[in-house]
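Peer 1: What follows is a single structure, and I will ask about it in a moment.
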Amino acid sequence: MVCADQVPPVLPALAGGSDPGLSATNPLCGSRLLTGAEAAALTARLKARARAEGFAAAGICAPDAIPRAPARLARFLALGWHGQMGWMERRADWRGDPRVLWAEARSVIMLADLYTPDGDPLATLGQADRATISVYARGRDYHDVIKKRLKRLGRWLIEQAPGARIKVFVDTAPLMEKPLAQAAGLGWQGKHTNLLARDLGNWFFLGAILTTLELPRDDPAEAHCGRCRACLDICPTDAFPAPFTLDARRCISYLTIEHRGPVDPALRPALGNRIYGCDDCLAVCPWNKFAQSAQEAKYTARDDLRAPHLAALAGLDDAGFGARFAGSPIKRIGRDRFLRNVLYAIGNSADPTLGAAAAPHCDDPDPAVADAARWALNRLRATA
C-alpha cells in the first residue's frame, strides 16, 4: 500500500524532454524510467484523481491482457450475430490488442462512470401511450461528457510524468472495452454480456486511456453471477442463445438503434413501447442493490424524455427531431429510424386513438417508415 506522504506531487522530468500536451512527441516511453515505487505512487494518485473527476472506479491492465477475446469475437462474427454492424468486421483484427491501434501503448487505464437511474427504469413499459427510452439516452450524450473528463485526467497524468503520452477513447475506437475493463479489475461481463461489479451494479459507462507509462496492473475481476438467470429470462426477444452470449440481431437495443430498414415483423410486438434501446436485462440484475448514485448531473433524465407521448413524437419533422434531441445520443439514429420505432410502439399500444398519429406516415418517402405506419394501423385494427 502506498501512503499519501509517499506520493510525490510531480514525478521528476523523464529523459528525452517533456511536452505536457496530449500529443507529446518524445520518442522514448517515459514509463521505462520510472522506478517501481514511483509507478505505484503515481497509480495511487491517478486513481484518486479519477475519483475527483467523477469516475466511480479506475483500473489498469496490460495491452495484451485479453488474449482470448479475439477468438470469442471471431465466433460472434462468424455466426452473424453482429447483424448489420459491419464496422465490427472491418477492424476485427485490431480489437484484441490495443497495441495494434497504438504500438507504443504500455498500459490501459479503464474507468467506470455511473449513470444509475433514480427510479424504476422499467416503469414506463406499462404506459401504452408513452415511449420508453433507455436510461443512458435520457440525459446528455455520454460520449461528450466522458471524453472531456478523460482529457482532463490525461493532461493531469502528463503533468505528473512529463514525457509520457496518452490517447483517450470512449466507445468509438476498435477497442474491446468490456474485456479490458474486466482485466483491469473493474467488474466482470455478466450473463447479459454487460459489465457489472459487486459495488457498482451494472449502470455505468466505460472510458479508456492508453499511455506509454508502465503502470502497476490490477488483478482481473472474477465473475459472481452464480446460478442467477434473471437477465436471461426477462429478455423480451430471447436474444441470449446461452449465458454470456448475445445474438444482437434479436436484441432490442440493436434493433432500435443499429438496425437499418424494417424490423422483422415477428419481433415487432416484443418491442412494446421501447423506441430507443432496452434496459430489461440491466434492470433486473440483483447486484444493482449495491449500486451507487450517479455523480454526473448531465446524465440526469430530461423531463421530456422520461415518458414522452407517442403521438407527440410521431409528429416531429426533421427540424423538430433535431431540436428536441440536440445533445442526446438519440439524434445520431436520425429522424427516419426514430420515427420507425415510434410507429412500432404505436402499433403495440392497443390504443386506437393513436391511429391518427400513424396514418399520415403511410406514404412517407422512407420505405421503412411507411411500412411501420401501415403495420401500426393494421395492428391497431386487429387489437381493437
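Peer 1: Residue by residue through the range 308-314, what is 3J(HN,Hα) from phi via Karplus (6.51 cos²θ - 1.76 cosθ + 1.60, θ = phi - 60°)? Round to whole Hz and write x for glycine and proline.
Peer 2: After applying 6.51 cos²θ - 1.76 cosθ + 1.60, I find x, 6, 4, 4, 5, 5, 5 Hz.
Peer 1: Ok, one more. Provide 148, 191, 331 in ascending order of the number of other Cβ atoms located within 10 Å of each residue's Cβ, fewest first.
Peer 2: Working: 148 13, 191 22, 331 17.
Going from least to most buried by this count: 148, 331, 191.
Peer 1: Suppose R0 equals 25 Å. What FRET efficiency, 1/(1 + (r/R0)^6) with r the Cβ-Cβ distance, do residue 199 and residue 219 give to the nearest 0.05? Could the numbers behind the result be given before it?
Peer 2: Details: r = 15 Å, r/R0 = 0.60.
Efficiency, rounded to the nearest 0.05: 0.95.
Peer 1: Hey, another quick one. Two decimals, Cα atoms only, Kirkwood Rh: what is Rg/Rh over the range 279-371? Walk me through the numbers before you get to the answer.
Peer 2: Details: Rg = 16.2 Å, Rh = 15.3 Å.
Rounded to two decimals, Rg/Rh equals 1.05.
Peer 1: Next question. Can you tell me which of 79, 157, 305 moves the most in a GNM of the chain? Springs connect C-alpha atoms under 10 Å apart.
Peer 2: 79
Peer 1: Quick one: helix 334-348 against the long Cα principal axis of the chain, what's the angle to the nearest 10°, folded into 0 to 90?
Peer 2: The helix 334-348 is inclined about 50 degrees to the chain.
Peer 1: Something else about it: By how many degrees, 0 to 90 and rounded to 10, does the Cα axis of helix 69-78 deviate from the longest principal axis of the chain?
Peer 2: That works out to roughly 20 degrees.
Peer 1: Could I ask something else about it? How far apart, in nm, are two points set 7 Å out from the Cα along the Cα-to-Cβ line at residue 350 and at residue 171?
Peer 2: Placing both labels 7 Å along Cα→Cβ, they lie 3.3 nm apart.
Peer 1: What do you get for the angle between helix 142-160 and the principal long axis of the chain? Use alpha-carbon atoms, 0 to 90 degrees, nearest ten.
Peer 2: 0 degrees
Peer 1: Given the options 231, 88, 158, identify the residue whose Cα lies farthest towards the positive end of the charge dipole of the chain (+1 on Cβ of Lys, Arg; -1 on Cβ of Asp, Glu).
Peer 2: Result: 158.
Peer 1: How high is the FRET efficiency between residue 290 and residue 128 when r is their beta carbon distance and R₀ equals 30 Å, given to the nearest 0.05? Mind showing how you got there, number by number?
Peer 2: Values: r = 33 Å, r/R0 = 1.10.
Calculated value: 0.35.
Peer 1: Say R0 is 45 Å: what FRET efficiency, to the nearest 0.05, do residue 309 and residue 68 get from their beta-carbon distance? Intermediate results must be reported in sequence, preceding the final value.
Peer 2: Numbers: r = 47 Å, r/R0 = 1.04.
It comes out at approximately 0.45.
Peer 1: Mind pulling the per residue volume of the convex hull built on the Cα atoms of the chain? Å³ is fine.
Peer 2: On the way: hull volume 54.4 nm³, N = 384.
Measuring per residue, one finds 142 Å³ for the Cα hull of the chain.
Peer 1: Positive end of the dipole of the range 304-384, charges at C-beta (+1 Lys, Arg; -1 Asp, Glu), about the Cα centre: which of 356, 325, 312 has its Cα farthest in that direction?
Peer 2: The one lying farthest along the dipole's positive direction is 325.
Peer 1: I would also like to ask the following. What relative contact order, as a whole-number percentage, does the chain give when Cα pairs under 8 Å and 6 or more residues apart are counted? Could you put the intermediate results ahead of the total?
Peer 2: Values: 751 pairs, mean separation 80.3, N = 384.
Result for the chain is 21 percent.
Only the coordinates and a few stated rules stand behind these numbers; no lab work does. None of these values were measured; they are calculated from a predicted model. So basically every Cβ, Gly included, is an ideal-geometry build from the backbone, and we count neighbours across all protein chains shown.
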